[in-house]
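Structure first, commentary second.
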Amino acid sequence: MTFLLCCQPFLTGAKYPVNAEQLMRSRFSAYSESHAQYIFDTYTQESQQTNSVSDIEEWAKENIWLRLTVHQHNPVAQPAQVEFSAFYLHQERVYEMRECSNFIKENEQWRYHDGEIIKHEQIATIKRNDPCPCLSGKKYKKCCAR
């Protein structure tokens, strides 16, 4: 499914995620698009106290967000949980951050509350002529290195 049909309507406010997994996917897209205000707005009110839009924007912009893999979605848990891996590129290195996140409904909207990082490690170093880690099929120098 393309960004325009899947997550962009959430980022623009035209639609709202109907479950924790949709919210997780839309938050990843927001990092990819450096849409820091959306990320901030989708934290619980409690979690907003320890985050700022400027810090979120800085983190989003200093990385190239490559892909998201959702490993598990437990919508009946209290709070609802999504276990995922986010892959990103930072200074020619690919990282995987695997997390089990907790989501709750607040004012009838799904919100990210917190998460437990299961692993966060460098998984590759990319050279100019290597295949791009975003899986585009192009060489890194012709894709994400630009």
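The values are calculated or read from the model by the stated rules, or taken from the named source; none is laboratory data. Every value quoted in this text rests on a predicted model; they were computed, and no experiment measured them. Positions of Cβ are backbone-derived with ideal geometry, glycine not excepted, and every protein chain shown enters the neighbour counts. To get the accessible areas, we keep the full protein, side chains included, count just its heavy atoms, and leave off ligands, DNA and RNA. Shrake-Rupley method; radii C 1.70, N 1.55, O 1.52, S 1.80 Å.
So here's what we get for this one:
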item: Residues (over 22 Å from residue 85 (Cα atoms), part of a strand (DSSP E or B) and open to solvent by 80 Å² or more (accessible area, probe 1.4 Å)) located in the range 102-146; result: 105, 139
item: Considering residues of the range 25-51 that are among the small types (Gly, Ala, Ser) and out of contact with any Asp or Glu (no Cβ under 9 Å at 6 or more places or on another chain) only, the residue farthest from residue 8 (Cα to Cα); result: 32
item: Tabulated pairs, the range 102-128, first modelled with pLDDT of 95 or more, second of a type outside the set (Ser, Thr, Tyr) and surrounded by fewer than 14 Cβ atoms within 10 Å (Cβ to Cβ), C-beta under 6 angstrom, 6+ apart or interchain; result: 122/93
item: Per-region count, the range 71-97, residues within 13 Å of residue 25 (Cα to Cα), loosely packed, with under 15 Cβ neighbours inside 10 Å and in contact with a Lys or Arg (Cβ under 9 Å, 6 or more places away or on another chain); result: 1
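Yes/no per residue for (1) under 24 Å from residue 66 (Cβ atoms); (2) surrounded by fewer than 17 Cβ atoms within 10 Å (Cβ to Cβ):
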{"residue": "6", "(1), (2)": "yes, yes"}
{"residue": "9", "(1), (2)": "yes, yes"}
{"residue": "12", "(1), (2)": "yes, yes"}
{"residue": "26", "(1), (2)": "yes, no"}
{"residue": "31", "(1), (2)": "yes, no"}
{"residue": "40", "(1), (2)": "yes, no"}
{"residue": "48", "(1), (2)": "no, yes"}
